[in-house]
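Working notes, beginning with the structure itself.
Just so it is clear, none of the values below were taken in a lab; they were calculated from the coordinates. In this text, all values refer to a predicted model and were calculated from it rather than measured experimentally. In this analysis, Cβ positions are derived from the backbone assuming ideal geometry, glycine residues included, and neighbour counts consider all displayed protein chains.
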């Protein structure tokens with residue numbers, strides 16, 4: 001599966017988080033309203049905005065991608081872009097410089113990662129499908145504090161809070177619940193986490209080129225649960 005090249009489009013503004021779907025179960029005579037979350041923990045929504053399309057290379061790349069996305073019918077991997085809040089090491093660089101990234105294709109990369117990882121983390125013990133608790137061992141990097149985002153495979157998660165800690169290991173409440181079971185020692189990607197998404201349908205992605213030379217565009221994605229490869 002291809003990775004949307006956010007590292008090349010370089011959006012100025014990023015919104016990325018788990019959006020819950022909540023409905024009202026009705027209001028009692030007392031005025032108390034019953035609220036029900038219906039989505040099993042929420043769905044990721046990622047929005048990139050203030051993307052400057054100001055040279056022919058970027059214009060061609062944008063046109064390639066809006067064609068590939070097929071109006072939101074094709075799944076891709078979308079970076080969460082959360083390095084700022086990742087458990088970065090205190091010395092030896094923080095791993096936030098995009099020039100340190102490597103990828104395998106300039107238009108349709110199948111991977112994007114830091115050439116020399118600054119954060120190495122894995123799971124301690126196994127975790128079942130739908131689990132909301134996970135023990136994380138940060139082998140290289142800072143201790144988990146809560147609020148960090150990470151991915152395992154094609155799924156991303158947020159650390160809601162830390163409930164126990166032993167050295168560099170932290171037992172955490174995560175959101176959303178695990179989309180699939182995780183084995184002991186599974187690698188966790190805190191540096192460049194990604195989640196399988198599709199472009200949100202109904203948005204206009206065709207750039208409005210000012211004087212044929214410049215445009216400012218945005219794009220939003222929602223988490224996708226298809227079996228796309």
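Please sort 67-78, 162-173 by packing, taking for each peptide the average over its residues of neighbouring beta carbons within 10 angstrom, highest first.
67-78, 162-173
Using per-residue counts of other Cβ atoms within 10 Å, averaged over each peptide, order 130-139, 6-15, 215-224, 188-197 from highest down.
Top of the packing list down: 188-197, 215-224, 130-139, 6-15.
What do you get when you divide the Cα radius of gyration of the stretch 116-182 by 2.2 N^0.38 Å, with N the number of residues?
1.02
What FRET efficiency comes out for residue 124 versus residue 84 if R0 is 35 angstrom and r is the Cβ-Cβ distance? Round to the nearest 0.05.
Once rounded, the FRET efficiency stands at 0.85.
Apply 1/(1 + (r/R0)^6) to the Cβ-Cβ distance of residue 32 and residue 206, taking R0 = 45 Å, and write down the FRET efficiency to the nearest 0.05.
Using R0 = 45 Å, I get an efficiency of 0.40.
Just check the stretch 143-229 against the gyration tensor rule for me: Cα atoms, a ≥ b ≥ c as the square roots of the eigenvalues, rounded for a/c under 1.5, and otherwise prolate or oblate depending on whether a/b exceeds b/c.
Verdict is prolate for the stretch 143-229.
Going by the alpha-carbon gyration tensor, a ≥ b ≥ c the square roots of its eigenvalues, is the chain rounded (a/c under 1.5) or, if a/c is not under 1.5, prolate (a/b greater than b/c) versus oblate?
In terms of gyration-tensor shape, oblate.
At residue 13 and residue 67, where each label point lies 7 Å from the Cα along Cα→Cβ, what is the point-to-point distance in nanometres?
Rounded to a tenth, the inter-label distance reads 3.0 nm.
At 0.36 nm per residue, minus the direct Cα-Cα distance, what do residue 2 and residue 101 gain on full extension? Give it in nm, one decimal, please.
Net length gain for the segment: 34.0 nm.
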